[in-house]
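S.K.: After the structure tokens below, expect a handful of questions from me.
The values are calculated or read from the model by the stated rules, or taken from the named source; none is laboratory data. Computed from a prediction, not measured in an experiment: that's the story for all the values here. All Cβ positions, even for glycine, are placed from backbone atoms using ideal geometry, and neighbour counts span all protein chains on display. Ligands, DNA and RNA are stripped out before the accessible areas are found, and what is left, the full protein with its side chains, is counted by its heavy atoms. Shrake-Rupley method; radii C 1.70, N 1.55, O 1.52, S 1.80 Å.
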Amino acid sequence: MTSTTTRTIPVQRSNFSAIGEQYGLLILLIGIVIFFTVLPASAATFFTPANLSVVLANQSVVMVCAIAVMLPLITGNFDFSIGANAMAAAMVCAAAQAHLHLPVFLAILFAVAFGTLVGLLNGWLVAIVQLDAFITTLGIATVLAGLIEWYSGGLPIYGIDPAMIAFGSTTWLGLPQVLFVVIVVAIIAWYALTWTPFGRRLYALGSNRRAANLVGVNTTGLTLASFVLAGMLAGIAGVLLSARTGGANPGGGTELLFPALAAVFLGATAIRPGRFNVVGTLIGVLFVAVSVSGLTLAGSQSWVDDVFNGVALVIAVFVSTYLRRRREGKGR
């Protein structure tokens, strides 16, 4: 009998090339920091504690959204509802305090529960009903945007607890307090994806669903779990967003989604090239944020931000796809 089994042959690379792939994005980030630090147009304000603190605080929501986007992507599924889910969770958190006069902890609980329920709905539609994740999550994002507009009437919600506003706007040990939430989330996600059977099975599912099925991996349950966890993280991102803005503003879901997507694909070009990973994703967020901050301080027009994010996303998808194929022995 002729065997039809195929075997991928990893491409041999030099140590220098492997190190360049692994840490190239980090080296590029350091180069961008040095460039804007010495550039006359931005040198006075770029590398200052105040600017760095603002950049880190503003990107805390995007960092959590990026980790949320990454989980379904590891299994081979897009979740385009993350940005809208975070915005809706922020609206729930703010409305629970300003309109229903609930305590902060209950408002946070409701916001995270809301995000988790949206993730559960996404997971049920994709994993159980087996709808296309791309179209399904795009539809859910549109529904959420409509519900936000209906509830808020297009107006922001203010009047949340001052303690929550203080948490979102002050620092601890010289760093924004909201950043410590990101650090905890990132450590848990990194550990779960790197050192637990759950993480290894997620990567196995994303690499080859059929093979994962054949070895007994519960592909339906893992797909559902990835969307539920992504929704929960979107809820946490919504709470951070509410703390940062002192309430909730309708709209802007895409402003969270596309930088997060760009960061995730950029992150797949670093640390573990060809694979979505937590550390690479955080470096990707900082790369985009530092670049945009430097361009802004150097006097660029406001439209440059959108163009930079779009170009970064396209380049990141191209490079990460190339690296993944080469890692599997399919690239040239």
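S.K.: What about ALA189, is it of a type in the set (Gly, Ala, Ser), touching a residue at least 60 places away in the same chain (Cβ under 8 Å) and either out of contact with any Cys (no Cβ under 9 Å at 6 or more places or on another chain) or open to solvent by less than 80 Å² (accessible area, probe 1.4 Å) (or both)?
M.R.: The answer is yes for ALA189.
S.K.: Give all pairs with beta carbons closer than 6 Å in which a residue from the stretch 205-221 that is closer than 21 Å to PHE276 by Cα meets a residue that is among the basic types (Lys, Arg) and open to solvent by 70 Å² or more (accessible area, probe 1.4 Å); count only pairs at least 6 apart in sequence or on separate chains.
M.R.: Partner pairs satisfying both residue conditions: VAL217/ARG201; THR219/ARG209.
S.K.: Something else now. Go through the residues of the stretch 182-190 one by one and say whether even a single one is in a strand (DSSP E or B), under 20 Å from the mean Cα position of the chain (by Cα) and at negative phi. Give the derivation first.
M.R.: The first filter runs over the stretch 182-190 and keeps only residues in a strand (DSSP E or B), leaving none.
The answer is no; no qualifying residue exists.
S.K.: Go over the candidates GLY274, GLY267 one by one and state the one that is in contact (Cβ under 8 Å) with a residue 24 or more places away in the chain, open to solvent by less than 30 Å² (accessible area, probe 1.4 Å) and on the phi > 0 side of the Ramachandran plot.
M.R.: Matching residue, one of GLY274, GLY267: GLY274.
S.K.: Restricting to helices (runs of 4 or more DSSP H) lying wholly in the stretch 246-332: which have 2 or more residues that are modelled with pLDDT of 75 or more and of a type in the set (Val, Ile, Thr)?
M.R.: Values: elements: 253-267, 278-297, 303-327.
Here the list reads 278-297, 303-327.
S.K.: Being in contact with a helix residue (DSSP H, G or I) (Cβ under 7 Å, 6 or more places away or on another chain), farther than 30 Å from LEU125 by Cβ, β-branched (Val, Ile, Thr) and at pLDDT below 95: is that true of VAL55 here?
M.R.: The answer is yes for VAL55.
S.K.: Which of the residues belonging to the stretch 45-63 are in a loop (DSSP other than H, G, I, E, B) and open to solvent by 30 Å² or more (accessible area, probe 1.4 Å)?
M.R.: Selection gives THR45, PHE47, THR48.
S.K.: In addition: Residue under question is THR220, and the condition is that it be closer than 18 Å to GLY76 by Cα, in contact with a helix residue (DSSP H, G or I) (Cβ under 6 Å, 6 or more places away or on another chain) and of a type in the set (Ser, Thr, Tyr); does it hold?
M.R.: yes
S.K.: Could you grab me the full set of residues in the stretch 75-131 that are open to solvent by 50 Å² or more (accessible area, probe 1.4 Å), under 19 Å from the mean Cα position of the chain (by Cα) and closer than 15 Å to ALA225 by Cβ?
M.R.: The answer is GLY76, LEU117, LEU120.
S.K.: Sticking with this structure for a sec: Please verify whether ILE236 is β-branched (Val, Ile, Thr) and under 15 Å from the mean Cα position of the chain (by Cα), treating the condition exactly as stated.
M.R.: It is true that ILE236 is β-branched (Val, Ile, Thr) and under 15 Å from the mean Cα position of the chain (by Cα).
S.K.: Follow-up. Output the residues belonging to the stretch 210-230 that are surrounded by 16 or more Cβ atoms within 10 Å (Cβ to Cβ) and over 22 Å from GLY115 (Cα atoms). Write out each step before concluding.
M.R.: Of the stretch 210-230, the ones surrounded by 16 or more Cβ atoms within 10 Å (Cβ to Cβ) are 212, 217, 219, 222-230.
Correct list: ALA212, VAL217, THR219.
S.K.: Related question: Within the stretch 210-233, how many residues are touching a Gly at 6+ places or on another chain (Cβ under 7 Å) and at positive phi?
M.R.: Qualifying residue count, the stretch 210-233: 0.
S.K.: Let me ask another. Say we look at the stretch 193-206 and pick out the residues that are in a helix (DSSP H, G or I) and surrounded by fewer than 16 Cβ atoms within 10 Å (Cβ to Cβ); which of these is farthest from the chain's Cα centre (by Cα)? Working first, answer last.
M.R.: Looking only at the stretch 193-206, we keep the residues that are in a helix (DSSP H, G or I), and these are 193-195, 197-206.
Keeping just the survivors that are surrounded by fewer than 16 Cβ atoms within 10 Å (Cβ to Cβ) gives 194-195, 197-198, 200.
Working: THR194: 17, TRP195: 20, PRO197: 22, PHE198: 20, ARG200: 20 Å.
Within the stretch 193-206, the match that is farthest from the chain's Cα centre (by Cα) is PRO197.
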